[in-house]
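Reading through the structure tokens given below for one structure.
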Amino acid sequence: MERKGKTSAENLLIKIDQYLISEDYGFVLPHPQTELPSYYDPWMEIASNLSQLIENCQLCSKVEKMPLLSTHALTDYKEQRLAHLALGFITMGYVWQNGSEKAQKVLPGTLAVPFCKLSEVLDLPPVLVYADCVLANWKKKDPSGPLSIENLDVIFSFPGGETSKGFFLVSLLVEMAAAPGIRAIPKIISAMLHQDITSLENALQDVTSSISKMRDAFKLIHGYVNPEVFFNTLRIYLSGWKDNPLMAGGLLYEGVWKTPREFSGGSAGQSSTLQCFDVLLGIHSSPESDSAAAYLQSLRDYMPASHRAFIQALASGPSLRHFVLAAGNDRLQEAFNSCVSALLALRDYHIQVVTKYITIPAGKQKRRGCLFHSAVVPLPEKGTGGTSFMCFLKTIRDLTKNAQLLDI
Ligand SMILES: C[C@@H](C(=O)Nc1ccc(Cl)cc1)[C@H]1[C@@H]2C[C@H](n3cnc4cc(F)c(F)cc43)C[C@@H]21
């Protein structure tokens, strides 16, 4: 989608839909496909009944009896995203079905081979990612109804039922609220290239209002996600096999690679929205110096290739921060600082959510652990769990605080 010989800024002026970003839905996959050709019924039957198969201890045998299916019939992009989503759910269910202390270390070839082939086609890793379980995992109950959480449902879910569904749908609504802000980005680039201060100010106001609506959507989490169920059940299924002491070397993808491979679990850091507002506002640019930036950079490999390219083009484009400083215009500086304040408020809110859903339940488990468990389950790397994830969030929150432009 990037035109040769164009600067990265001009590349950004290309319509965002060429980066598979939607004017109305942002990074969310619009109207995801919910069915595959009947040839793929063996996959869809397992993915659609995952919780029940796990509860009845039938998942292992079902997966091992699965026929080796070819991915050739998956030609359409939305079909490929649905298939990666389905195989991602089955893979996480298969690896973690007996809990995080008894992970399955080998992924059977009937699952590993098509999953890795599809991952290659989509340039995604062979593990469930945020772009699968949030951005492509939704449908409307009543097609003519509103995009409200009451009228939305997930295509697949994990054990933990309503909490699993709620966690993915709240994340989806936060992502959808970001759409007007993402749509404003090409306007911001164009206004900078044309030295158009008024348009720039208006576009920055669109970003500010979009980020505050994201925080409003985020508040839904308290009504739809139970902290104990999230921490003790759902979080396990989103865990990965990178730097995971329980899966040294990672997972063996039978029939694909001779040695095990490591991949990170799902994480909010894989959200292109979370990353692109940071890049737009120049919140942290040097992955060399700050580890949070390096960590975020590494998670871009877990995003759809076109979204990764958009963020890269944004990062190598003109600096909005420098433009605003150089313009020396009070109103423009205020519009920029309002953006940063809105993002700071969203970051603070994210920290409060992680405290309620991870830090506090982890503390309770630790105290319980001293009484009953020999080894307290180590929190996975910086995915949806882990004190290091909290440190990461606090680092980017503090960097956001420092991004405010001082009065000229
Ligand atoms: C509900 C939470 C979650 O962790 N969801 C999740 C995690 C892993 C997986 Cl696999 C699936 C879902 C969080 C939502 C809001 C999302 N968000 C998007 N842009 C953001 C910008 C910000 F500044 C910010 F603070 C949060 C931002 C991130 C996830």
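Against the list (1) among the small types (Gly, Ala, Ser); (2) open to solvent by less than 10 Å² (accessible area, probe 1.4 Å); (3) in a helix (DSSP H, G or I), the condition GLY240 fails is (3).
Among the helices (runs of 4 or more DSSP H) confined to region 248-322, the ones with at least 2 residues that are among the hydroxyl-bearing types (Ser, Thr, Tyr) are located at 272-280, 291-299.
Out of all the residues in region 224-235, is one or more open to solvent by 20 Å² or more (accessible area, probe 1.4 Å) and among the aromatic types (Phe, Trp, Tyr)?
Initial filter on region 224-235 (open to solvent by 20 Å² or more (accessible area, probe 1.4 Å)): 224, 226-229, 232-233.
Subsequent filtering for residues that are among the aromatic types (Phe, Trp, Tyr) retains 224.
Taking every residue of region 224-235 in turn, at least one turns out to be open to solvent by 20 Å² or more (accessible area, probe 1.4 Å) and among the aromatic types (Phe, Trp, Tyr).
ASN137: within 10 Å of the ligand (Cβ to nearest atom) and either in contact (Cβ under 8 Å) with a residue 40 or more places away in the chain or in contact with a helix residue (DSSP H, G or I) (Cβ under 9 Å, 6 or more places away or on another chain) (or both), yes or no?
Numbers: within 10 Å of the ligand (Cβ to nearest atom): yes; either in contact (Cβ under 8 Å) with a residue 40 or more places away in the chain or in contact with a helix residue (DSSP H, G or I) (Cβ under 9 Å, 6 or more places away or on another chain) (or both): yes.
Yes: the conditions hold for ASN137.
Reported count of residues in region 355-368, each being open to solvent by less than 20 Å² (accessible area, probe 1.4 Å) and within 13 Å of the ligand (Cβ to nearest atom), is 2. For region 263-272, state whether one or more residues are open to solvent by 40 Å² or more (accessible area, probe 1.4 Å) and either away from the ligand (no atom under 12 Å from the Cβ) or over 22 Å from the mean Cα position of the chain (by Cα) (or both). No, because not a single residue in region 263-272 is open to solvent by 40 Å² or more (accessible area, probe 1.4 Å) and either away from the ligand (no atom under 12 Å from the Cβ) or over 22 Å from the mean Cα position of the chain (by Cα) (or both). Filter region 308-354 for residues that are away from the ligand (no atom under 16 Å from the Cβ) and basic (Lys, Arg); which is least open to solvent (accessible area, probe 1.4 Å)? By that ranking, first place goes to ARG321. Quick check: is even one residue across region 136-143 in a loop (DSSP other than H, G, I, E, B), open to solvent by 10 Å² or more (accessible area, probe 1.4 Å) and not basic (Lys, Arg)? Yes, some residue in region 136-143 is in a loop (DSSP other than H, G, I, E, B), open to solvent by 10 Å² or more (accessible area, probe 1.4 Å) and not basic (Lys, Arg).
Just for region 154-193: of the residues that are under 18 Å from the mean Cα position of the chain (by Cα) and not in a helix (DSSP H, G or I), which one is farthest from the ligand (Cβ to nearest atom)?
Quick first cut of region 154-193, residues under 18 Å from the mean Cα position of the chain (by Cα) only: 154-158, 163-179, 181-182.
Keeping just the survivors that are not in a helix (DSSP H, G or I) gives 154-158, 178.
Values: VAL154: 11, ILE155: 14, PHE156: 12, SER157: 12, PHE158: 10, ALA178: 6 Å.
Among them, the one singled out is ILE155.
The values are calculated or read from the model by the stated rules, or taken from the named source; none is laboratory data. Computed from a predicted model, the values in this text were never measured in an experiment. All Cβ positions, glycine included, derive from the backbone under ideal geometry; neighbour counts span all protein chains shown. Side chains included, ligands, DNA and RNA excluded: accessible areas come from the protein's heavy atoms. Shrake-Rupley method; radii C 1.70, N 1.55, O 1.52, S 1.80 Å.
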